[in-house]
Amino acid sequence: MCGIAGFINLDGKRAEPRWVQKMNLKLMHRGPDQFDSFSFENIALGASRLSILDLTQSGNQPYVTDDGLGVLVYNGEVYNHNDLKKDLKKAGETFQSRCDTEVVLKALHRWGPKSAIERFNGMFVFAYYDKRDKTVWLGRDPAGIKPLYIARSGNVFAFASEMKALFEHPSISC
(Lines give C-alpha, C1' and ligand atoms only; values in the text may rest on other atoms or scores of the structure.)
Protein backbone atom coordinates (compact mmCIF):
# COMPACT_ATOMS: atom_id res chain seq x y z
CA MET A 1 0.00 0.00 0.00
CA CYS A 2 2.81 2.48 0.93
CA GLY A 3 2.40 6.07 2.01
CA ILE A 4 4.08 9.41 1.36
CA ALA A 5 4.23 12.65 3.30
CA GLY A 6 6.13 15.90 3.17
CA PHE A 7 6.14 19.63 3.35
CA ILE A 8 7.72 22.72 1.88
CA ASN A 9 8.46 25.88 3.84
CA LEU A 10 7.49 28.44 1.23
CA ASP A 11 9.38 31.20 3.06
CA GLY A 12 12.64 29.28 2.56
CA LYS A 13 13.03 28.43 6.25
CA ARG A 14 14.93 25.20 6.92
CA ALA A 15 12.66 22.15 7.13
CA GLU A 16 12.69 20.51 10.56
CA PRO A 17 13.15 16.76 9.91
CA ARG A 18 11.18 15.84 13.04
CA TRP A 19 7.91 17.07 11.51
CA VAL A 20 8.10 14.85 8.45
CA GLN A 21 9.15 11.98 10.68
CA LYS A 22 6.04 12.51 12.83
CA MET A 23 3.90 12.72 9.68
CA ASN A 24 5.48 9.53 8.40
CA LEU A 25 4.84 7.64 11.66
CA LYS A 26 1.11 8.16 11.09
CA LEU A 27 1.51 6.25 7.81
CA MET A 28 3.58 3.36 9.16
CA HIS A 29 0.62 0.94 8.90
CA ARG A 30 0.63 1.62 5.12
CA GLY A 31 4.24 0.50 4.73
CA PRO A 32 5.53 -1.50 7.66
CA ASP A 33 8.58 -2.84 5.78
CA GLN A 34 10.56 0.40 5.81
CA PHE A 35 10.09 4.07 6.47
CA ASP A 36 12.47 6.97 6.25
CA SER A 37 12.68 10.63 5.39
CA PHE A 38 14.77 13.17 3.52
CA SER A 39 15.23 16.83 4.40
CA PHE A 40 17.11 19.44 2.42
CA GLU A 41 16.93 23.17 2.95
CA ASN A 42 13.21 24.03 3.05
CA ILE A 43 11.88 20.65 1.86
CA ALA A 44 11.13 17.41 3.71
CA LEU A 45 9.88 14.15 2.19
CA GLY A 46 8.89 10.91 3.91
CA ALA A 47 7.87 7.43 2.78
CA SER A 48 6.43 4.31 4.38
CA ARG A 49 7.15 1.30 2.20
CA LEU A 50 5.34 -1.96 1.69
CA SER A 51 7.72 -4.14 -0.33
CA ILE A 52 5.99 -5.80 -3.27
CA LEU A 53 8.04 -5.85 -6.50
CA ASP A 54 11.48 -5.84 -4.89
CA LEU A 55 11.67 -7.28 -1.38
CA THR A 56 15.26 -6.14 -0.84
CA GLN A 57 16.55 -2.92 0.69
CA SER A 58 17.47 -1.68 -2.79
CA GLY A 59 13.87 -0.44 -3.12
CA ASN A 60 13.90 1.63 0.07
CA GLN A 61 12.66 5.21 -0.03
CA PRO A 62 13.17 8.10 -0.28
CA TYR A 63 14.92 7.04 -3.47
CA VAL A 64 17.79 9.22 -4.65
CA THR A 65 19.29 9.38 -8.16
CA ASP A 66 22.87 8.23 -8.72
CA ASP A 67 24.01 11.84 -9.08
CA GLY A 68 22.22 12.83 -5.85
CA LEU A 69 20.19 15.52 -7.61
CA GLY A 70 16.76 13.88 -7.66
CA VAL A 71 14.73 12.48 -4.76
CA LEU A 72 11.47 10.54 -4.92
CA VAL A 73 8.83 9.29 -2.51
CA TYR A 74 6.27 7.14 -4.27
CA ASN A 75 3.17 5.06 -3.72
CA GLY A 76 1.65 2.87 -6.39
CA GLU A 77 2.53 0.78 -9.36
CA VAL A 78 3.49 1.74 -12.90
CA TYR A 79 2.44 -1.33 -14.86
CA ASN A 80 4.66 -0.60 -17.87
CA HIS A 81 7.81 -0.06 -15.79
CA ASN A 82 9.67 -2.88 -17.57
CA ASP A 83 9.15 -1.19 -20.97
CA LEU A 84 10.18 2.17 -19.52
CA LYS A 85 13.24 0.54 -17.98
CA LYS A 86 14.30 -0.75 -21.42
CA ASP A 87 13.94 2.76 -22.88
CA LEU A 88 15.93 4.26 -20.01
CA LYS A 89 18.68 1.64 -20.40
CA LYS A 90 18.96 2.55 -24.08
CA ALA A 91 19.41 6.16 -22.95
CA GLY A 92 22.30 5.12 -20.71
CA GLU A 93 20.63 4.57 -17.32
CA THR A 94 21.69 1.70 -15.08
CA PHE A 95 19.56 0.08 -12.40
CA GLN A 96 20.27 -1.34 -8.94
CA SER A 97 16.84 -2.76 -8.12
CA ARG A 98 13.85 -4.58 -9.56
CA CYS A 99 11.37 -2.04 -8.19
CA ASP A 100 9.31 0.33 -10.28
CA THR A 101 10.23 3.16 -7.88
CA GLU A 102 13.72 3.36 -9.38
CA VAL A 103 12.24 3.39 -12.89
CA VAL A 104 9.81 6.18 -11.98
CA LEU A 105 12.60 8.26 -10.43
CA LYS A 106 14.98 7.85 -13.35
CA ALA A 107 12.19 8.62 -15.84
CA LEU A 108 11.26 11.81 -13.96
CA HIS A 109 14.90 12.84 -13.70
CA ARG A 110 15.87 12.09 -17.32
CA TRP A 111 12.70 13.02 -19.23
CA GLY A 112 11.24 15.61 -16.87
CA PRO A 113 7.97 15.18 -14.95
CA LYS A 114 5.61 16.31 -17.71
CA SER A 115 7.04 13.91 -20.29
CA ALA A 116 7.53 11.04 -17.85
CA ILE A 117 3.97 11.13 -16.48
CA GLU A 118 2.58 10.89 -20.00
CA ARG A 119 4.46 7.58 -20.37
CA PHE A 120 3.32 6.06 -17.06
CA ASN A 121 0.53 3.50 -17.16
CA GLY A 122 -0.65 2.67 -13.68
CA MET A 123 -1.94 3.90 -10.36
CA PHE A 124 0.46 6.12 -8.49
CA VAL A 125 1.16 9.23 -6.50
CA PHE A 126 4.58 10.76 -5.95
CA ALA A 127 6.58 13.70 -4.71
CA TYR A 128 9.74 14.35 -6.71
CA TYR A 129 12.36 16.93 -5.74
CA ASP A 130 14.76 18.07 -8.44
CA LYS A 131 17.78 19.77 -6.88
CA ARG A 132 18.95 20.96 -10.32
CA ASP A 133 16.24 23.61 -10.45
CA LYS A 134 14.95 23.34 -6.86
CA THR A 135 11.45 22.25 -7.87
CA VAL A 136 9.07 19.87 -6.17
CA TRP A 137 6.54 18.00 -8.28
CA LEU A 138 3.50 16.22 -6.95
CA GLY A 139 1.96 13.81 -9.43
CA ARG A 140 -0.73 11.21 -9.59
CA ASP A 141 -2.34 8.92 -12.08
CA PRO A 142 -5.14 10.43 -14.22
CA ALA A 143 -7.85 8.46 -12.40
CA GLY A 144 -6.62 9.59 -8.98
CA ILE A 145 -6.67 6.06 -7.56
CA LYS A 146 -3.95 6.61 -4.96
CA PRO A 147 -4.84 9.15 -2.25
CA LEU A 148 -3.07 12.48 -1.84
CA TYR A 149 -4.20 15.15 0.60
CA ILE A 150 -2.75 18.64 0.52
CA ALA A 151 -2.93 21.60 2.88
CA ARG A 152 -1.49 25.06 3.02
CA SER A 153 -1.29 27.16 6.12
CA GLY A 154 0.74 30.35 6.14
CA ASN A 155 4.13 29.56 4.66
CA VAL A 156 3.77 25.78 4.84
CA PHE A 157 2.52 23.56 2.03
CA ALA A 158 2.07 19.95 3.19
CA PHE A 159 0.93 16.71 1.57
CA ALA A 160 0.30 13.14 2.68
CA SER A 161 -1.39 9.88 1.73
CA GLU A 162 -3.73 10.25 4.70
CA MET A 163 -5.24 13.37 6.18
CA LYS A 164 -4.25 12.49 9.74
CA ALA A 165 -0.58 12.70 8.76
CA LEU A 166 -1.03 16.33 7.69
CA PHE A 167 -2.10 17.29 11.20
CA GLU A 168 1.23 16.13 12.63
CA HIS A 169 2.83 19.27 11.22
CA PRO A 170 2.45 22.10 13.76
CA SER A 171 1.34 24.60 11.09
CA ILE A 172 -1.55 22.46 9.88
CA SER A 173 -4.65 22.27 12.05
CA CYS A 174 -8.09 20.70 11.63
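The values are calculated or read from the model by the stated rules, or taken from the named source; none is laboratory data. Worth saying up front: this structure is predicted, and the values here are computed from it rather than measured. No Cβ is skipped: glycine too gets one built from the backbone with ideal geometry, and neighbour counts run over all protein chains shown. Quick note on the areas: whole protein, heavy atoms, side chains included, nothing else; ligands and nucleic acids left out. Shrake-Rupley method; radii C 1.70, N 1.55, O 1.52, S 1.80 Å.
What whole-number value in Å² describes the accessible area per residue of the chain for a 1.4 Å probe? Kindly include the intermediate steps, with their values, before the conclusion.
Details: 8310 Å² over 174 residues.
Accessible surface, normalised per residue, equals 48 Å².
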Inset, instruction - Go through [x] 61, 36, 26; [y] 46, 33, 30; [z] 60, 43, 35 and flag the label whose value is the computed Cα extents along the principal axes in Å for this structure. - result: [y]
Inset, instruction - Determine which lysines satisfy two conditions relative to residue 89: a Cα distance under 18 Å, and not lying fewer than 8 residues away in the same chain. - result: 106
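Classify the stretch 77-174: rounded, prolate or oblate, from the alpha-carbon gyration tensor (a ≥ b ≥ c, eigenvalue square roots; a/c under 1.5 rounded; otherwise prolate if a/b is larger than b/c)? Before the final figure, lay out each step's value.
Details: a/c = 2.65, a/b = 1.91, b/c = 1.38.
It is prolate, given that a/c is not under 1.5 and a/b is the larger ratio.
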Inset, instruction - With label points built 7 Å along Cα→Cβ from the Cα atoms of residue 131 and residue 95, find their separation and express it in nm. - result: 2.4
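Okay, helix-only estimate at 222 nm for the chain: each DSSP H run of n ≥ 4 adds -39500 (n - 2.57), divide by all residues, round to 500 deg cm²/dmol; what do you get? If you can, show how the numbers build up before the last one.
Numbers: 5 runs with 42 residues, N = 174.
Counting only the DSSP helices, I get -6500 deg cm²/dmol.
May I ask you to give the percent of accessible area on the chain that is carbon plus sulfur, with a probe radius of 1.4 Å? Before the final figure, lay out the partial values.
Details: 4190 of 8310 Å².
In the chain, the share of accessible area belonging to carbon and sulfur is 50 percent.
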Legend entry - Cross-link partners of residue 164 among lysines (Cα-Cα below 18 Å; sequence separation of 8 or more within a chain): 22, 26, 146
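For the chain, which DSSP H helices look membrane-span-like by this rule: Cα extent along the axis of 15 Å or more and mean Kyte-Doolittle of at least 1.6?
Details: long enough: 100-111 (16 Å, -0.20).
Membrane-span-like by this rule: not one helix.
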Legend entry - Label point 7 Å beyond Cα of residue 40 along Cβ direction - residues of the stretch 131-159 with amide nitrogen under 19 Å: 131-139, 157-159
Legend entry - Shape of the stretch 58-126, Cα gyration tensor, a/c cut at 1.5: rounded
Inset, instruction - Taking DSSP loops as anything outside H, G, I, E and B, show the longest stretch in the chain free of trypsin sites (Lys or Arg not before Pro) there with at most 12 other beta carbons within 10 Å. - result: 15-131
